[in-house]
Amino acid sequence: MYDNARRLNIVNPPALADLVRAFEDIARDEQVRVVVFSGVGGKAFIGGADIKHMAALKTADEGRAFITSIHKLCQAIRDCPVPVIARLEGYTLGAGLEVAAACDIRIATESAAFGMPEVRVGIPSVIEAALLPRLIGWGRTSWLLMAAENIGARKAEEWGLLEQVVKTAEIGAAIDRCVQSILEGTPKAIRAQKALMRRWEELPLSGAIQVGIDSFAQSVTTGEHTEKMTAFINRKRG
Ligand SMILES: C/C=C/C(=O)SCCNC(=O)CCNC(=O)[C@H](O)C(C)(C)COP(=O)(O)OP(=O)(O)OC[C@H]1O[C@@H](n2cnc3c(N)ncnc32)[C@H](O)[C@@H]1OP(=O)(O)O
């Protein structure tokens with residue numbers, strides 16, 4: 001796996017190719033129940049896209065190819081059949097925040113920092129930046145994308161960008177607790193839930209409810225629920 005820890009895990013073509021391949025492998029593995037996506041080195045989750053690489057982009061085709069390669073990673077995360085938890089330490093900037101937004105659950109340390117500095121290096125924020133208004137609303141997205149000031153983890157949590165913020169020393173335990181909670185769900189139900197939530201994003205309410213009915217109908221044919229529900233019915237009361 002491409003190692004860019006010294007440069008804040010910034011993404012460039014070799015890093016993106018490795019990460020997409022890793023998510024494609026995960027998607028094929030029926031045994032995987034949950035993924036934790038973290039940076040290396042503690043200074044950053046992902047410090048953004050590689051500015052040296054982007055500075056050399058000159059033609060529209062080159063620009064399209066590079067931005068599409070970042071989108072491919074976000075799409076691989078969103079298409080990953082199991083929940084992806086982002087473990088966010090240090091900087092999560094630009095393309096890094098888009099990758100984090102593509103994950104299902106975000107847990108950060110209280111010293112983590114978040115921002116979309118693209119306009120400060122002469123490009124607009126695009127692709128999965130379009131998820132941000134759904135997470136934090138339009139005004140806060142405008143603040144991040146246009147004022148382009150970084151924000152701290154507490155503000156990011158208050159805005160709805162993060163699901164949990166913990167002390168640095170507690171991030172491992174917080175991630176473990178979230179993983180354990182996900183493992184309490186049954187494997188097929190969790191996969192069905194993620195697939196359903198992805199469909200919900202694309203559909204009006206009536207369509208979202210209909211695909212939910214289809215998903216429930218399919219779920220009871222797996223038999224997974226029978227064991228869990230029977231255990232509940234037969235549980236011993238103190
Ligand atoms: C389509 C998507 C586009 C985007 O993602 S645009 C957003 C790109 N990201 C940014 O604009 C952030 C740029 N980085 C910074 O401003 C600073 O970094 C930080 C404030 C995040 C951290 O500062 P400090 O702790 O002092 O670290 P350091 O010495 O700047 O970085 C360590 C090494 O990493 C290289 N590096 C950091 N970010 C990038 C980047 N995005 N592209 C290329 N190199 C980067 C540096 O240059 C340096 O390397 P060396 O030690 O060789 O000088």
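In the stretch 187-237, how does Rg compare with the Kirkwood Rh, expressed as the Rg/Rh ratio over alpha carbon atoms?
Rounded to two decimals, Rg/Rh equals 1.12.
Whenever you get a sec, line up Glu30, Glu157 from highest to lowest accessible area (probe 1.4 Å, protein heavy atoms).
Ranking Glu30, Glu157 by accessible area, largest first, yields Glu30, Glu157.
Among the lysines, which have Cα under 25 Å from the Cα of Lys194 when same-chain residues fewer than 8 positions away are ignored?
By straight Cα distance, Lys194 reaches Lys72, Lys228.
Using 0.36 nm times the number of residues separating Thr222 and Glu24, minus their current alpha carbon distance, what extension gain do you get?
My answer for the length gained is 68.8 nm.
Given a 1.4 Å probe and the protein chains all in place, what does the accessible area of Met1 round to, in Å² to the nearest 10?
150 Å²
Which value results for Rg/Rh of the chain when Rg is the Cα radius of gyration and Rh the Kirkwood radius based on the inverse mean 1/r?
Across the chain, the Cα-based Rg/Rh ratio is 1.01.
In nm, what is the difference between 0.36 nm times the number of residues separating Asp214 and Glu158 and their Cα-Cα distance?
That works out to 16.7 nm of additional length.
Can you work out ³J(HN,Hα) from phi for every residue in the stretch 33-46, in order, using Karplus 6.51 cos²θ - 1.76 cosθ + 1.60 and θ = phi - 60°, giving whole Hz and x for Gly and Pro?
10, 7, 10, 10, 9, 9, x, 10, x, x, 7, 7, 6, 9
Suppose accessible area is computed on protein heavy atoms with a 1.4 Å probe; arrange Val20, Val220 from highest to lowest.
Val220, Val20
Farthest toward the dipole's positive end in the chain, which of Val34, Asn12, Gln164, given Cβ charges of +1 (Lys, Arg) and -1 (Asp, Glu) about the Cα centre?
Gln164
Is the stretch 117-238 rounded, prolate or oblate when judged by the Cα gyration tensor, a ≥ b ≥ c being the square roots of its eigenvalues, rounded requiring a/c under 1.5 and prolate requiring a/b larger than b/c?
oblate
Label points 7 Å out from Cα along the Cβ direction at Leu135 and Ala17: separation in nm?
Here the modelled spin labels are 2.8 nm apart.
Would you mind checking the stretch 112-140 for residues with the amide N under 15 Å from a putative spin-label position 7 Å along Cα→C-beta of Glu149?
Counting backbone N atoms under 15 Å from the label point, the list is 114-117, 140.
What pairs in Lys43/Lys188; Lys58/Lys155; Lys43/Lys167 have C-alpha atoms more than 25 Å from each other?
Lys43/Lys188; Lys58/Lys155
Calculate how many DSSP beta bridges within the stretch 35-172 are antiparallel, expressed in % of all such bridges and rounded to the nearest 5.
10 percent
On a C-alpha basis, how far is the centre of the stretch 131-188 from the centre of the stretch 71-111 in Å? Whole number, if you could?
Here the two parts' Cα centres lie 9 Å apart.
What dipole magnitude, in Debye to the nearest 20, does the chain give about its Cα centre under +1 on Lys/Arg Cβ and -1 on Asp/Glu Cβ?
With Lys and Arg at +1 and Asp and Glu at -1, about 380 debye.
What do you get for the angle between helix 205-219 and the principal long axis of the chain? Use alpha-carbon atoms, 0 to 90 degrees, nearest ten.
With both axes taken from Cα atoms, the answer is about 50 degrees.
Using 7 Å Cα-to-Cβ label points, what is the Met1/His53 separation (nm, one decimal)?
Once both label points are built, they end up 1.6 nm from each other.
Return the long-range amide H neighbours of Leu88 (sequence gap of 5 or more, or a different chain), with a cut-off of under 5 Å between placed amide H atoms.
Distant-sequence amide H within range of Leu88: Ile107, Ala108, Thr109.
Give the angle, between 0 and 90 degrees and rounded to the nearest 10, that separates the Cα long axis of helix 13-28 from the longest principal axis of the Cα atoms of the chain.
Long axis of 13-28 versus the principal axis of the chain: about 10 degrees.
Note the angle between two axes, namely the Cα long axis of helix 171-184 and the longest principal axis of the Cα atoms of the chain, as a number of degrees from 0 to 90, rounded to the nearest 10.
The angle comes out near 40 degrees.
With label points built 7 Å along Cα→Cβ from the Cα atoms of Val32 and Asp61, find their separation and express it in nm.
Those two pseudo-labels are separated by 3.3 nm.
Can you compute the charge dipole magnitude of the stretch 187-237 about its Cα centre, using +1 on each Lys and Arg Cβ and -1 on each Asp and Glu Cβ, nothing else charged? Give it in debye, rounded to the nearest 20.
About 400 debye.
The values are calculated or read from the model by the stated rules, or taken from the named source; none is laboratory data. Here the structure is a predicted model, which is why all the values come from computation and not from measurement. As a convention, Cβ positions derive from the backbone with ideal geometry for all residues, glycine included, and neighbour counts pool all protein chains shown. Accessible surface is based on the protein model in full, side chains and every heavy atom, while ligands, DNA and RNA are left aside. Shrake-Rupley method; radii C 1.70, N 1.55, O 1.52, S 1.80 Å.
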